[in-house]
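So the structure is just underneath, and the comments pick up after that.
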Amino acid sequence: MFKDIKLLVNKNKIDFEYKIDGNKIVITTLNDINDSDLFICYDENIYDFVFKSSIKYDRIYTDKIQLEVKNKISFSIQLKDNFFVKSVYKFINGLIDKKTLIEEIELFINSHSRKKMNDDLNKLINEIDNNDKEFGELIVDEQDEHKRIFDLLVNNKTYLSFAKKMNIRELMLLITSFISVPCTPNIDQETFNLLVNEAISYNHSLENVWRISMNYDKKGFNYDLIDSFFVNSEDSWYLGEYICGVDQVDKNKIIDMIIDLKDKKFINDIVEDSYIMEHLDDVLINKLRKGL
């Protein structure tokens with residue numbers, strides 16, 4: 001549970017435990033931190049943090065907090081509605097099993113006091129847990145069982161209500177929380193462009209634009225915006241990941257765009273990158289070298 005929250009001291013992960021306190025979830029560190037800076041990295045799309053007034057902290061990014069801690073520390077988190085949306089997203093993409101799905105829905109229910117919503121989700125849990133009991137001891141095929149639960153989830157009233165309320169930033173953060181999944185939100189080219197532009201203008205732009213490109217690879221979208229972004233960023237590492245990892249990338253087009261920049265240092269960085277060179281044919285390699 002809470003794999004979307006990482007506590008780090010000197011880049012080392014710190015263990016923590018949690019308990020439900022009313023509608024709040026209280027997280028407590030298990031390790032002595034000894035007058036060090038504690039960094040909290042988390043999925044801003046599904047959590048809100050609540051600190052006591054005595055705790056001083058700095059928000060480095062919208063998804064990263066820094067605190068100075070003497071030994072141990074406790075703080076509260078509140079689950080946003082997108083927590084449930086992400087739980088559904090993880091299950092339909094095979095990232096969690098039925099047991100974990102139910103645990104996450106129960107956690108979400110326990111952290112809220114909205115009766116109508118909780119009644120709907122408790123009903124959903126009962127339906128998920130009902131393994132076609134009319135067939136007695138018959139073993140249910142795993143694919144059929146996944147499809148049965150998939151249909152229950154995507155037709156659930158609470159899920160549909162939350163999903164429809166998501167704005168473009170929340171949708172971008174959901175998609176980019178994973179490098180690549182088979183079942184992505186069904187969108188058109190206009191929404192795809194909005195997602196890319198949102199990722200460009202937000203935190204961790206290189207990483208998130210690359211993740212969008214990975215998630216929607218070979219699904220019929222025009223990638224002109226992404227091509228321009230990675231070339232103009234002049235970041236050889238991410239450009240390499242894009243060229244080499246995304247199947248639909250037109251390498252010839254990208255190489256021409258790079259040469260058109262007339263930035264010899266950038267071209268040289270690419271020529272000296274063995275990973276990129278391994279994924280280019282001799283014609284493109286020679287074209288790059290002529291650009292120098």
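The values are calculated or read from the model by the stated rules, or taken from the named source; none is laboratory data. Owing to the predicted nature of the structure, the values given are computational and were not obtained by experimental measurement. Here the Cβ is made from the backbone with ideal geometry for all residues, glycine too, and neighbour counts use every protein chain on show. Protein only, heavy atoms only, side chains kept; ligands, DNA and RNA dropped before computing areas. Shrake-Rupley method; radii C 1.70, N 1.55, O 1.52, S 1.80 Å.
Quick notes
- Checking each residue in the stretch 168-194 for being free of Cβ contacts under 8 Å to residues at least 60 places away in the same chain, surrounded by 12 or more Cβ atoms within 10 Å (Cβ to Cβ) and part of a helix (DSSP H, G or I) picks out 168, 169, 171, 172, 175, 191, 192, 193, 194.
- Strands (runs of 3 or more DSSP E) lying entirely in the stretch 10-119 (those with 2 or more residues that are under 22 Å from residue 173 (Cα atoms)): 36-42, 47-50, 57-61, 64-69, 74-79
- Among (1) within 17 Å of the chain's Cα centre (by Cα); (2) surrounded by 15 or more Cβ atoms within 10 Å (Cβ to Cβ); (3) charged (D, E, K, R), the one test that residue 207 misses: (2)
- Between 157, 165, 90, the distinction of being modelled with pLDDT of 90 or more, surrounded by 18 or more Cβ atoms within 10 Å (Cβ to Cβ) and either of a type in the set (D, E, K, R) or farther than 22 Å from residue 215 by Cβ (or both) belongs to 90 only.
- Flag if residue 80 is under 26 Å from residue 125 (Cβ atoms), surrounded by 15 or more Cβ atoms within 10 Å (Cβ to Cβ) and among the basic types (Lys, Arg): yes
- The number of residues in the stretch 9-30 being farther than 16 Å from residue 49 by Cβ and under 22 Å from the mean Cα position of the chain (by Cα) comes to 4.
- Restricting the stretch 199-240 to residues that are hydroxyl-bearing (Ser, Thr, Tyr) and outside any helix (DSSP H, G or I), the residue that is farthest from residue 251 (Cα to Cα) is 202.
- Those residues of the stretch 258-292 which are free of Cβ contacts under 8 Å to residues at least 40 places away in the same chain, open to solvent by less than 50 Å² (accessible area, probe 1.4 Å) and either part of a helix (DSSP H, G or I) or closer than 14 Å to residue 234 by Cα (or both), in sequence order: 258, 259, 263, 266, 267, 270, 271, 273, 277, 284, 285, 288
- Within the stretch 57-72, restricting attention to residues that are among the basic types (Lys, Arg) and open to solvent by 70 Å² or more (accessible area, probe 1.4 Å), the residue that is farthest from the chain's Cα centre (by Cα) is 70.
- Residue that is modelled with the lowest pLDDT [pool: residues in the stretch 2-49 that are open to solvent by 20 Å² or more (accessible area, probe 1.4 Å) and on the phi > 0 side of the Ramachandran plot]: 35
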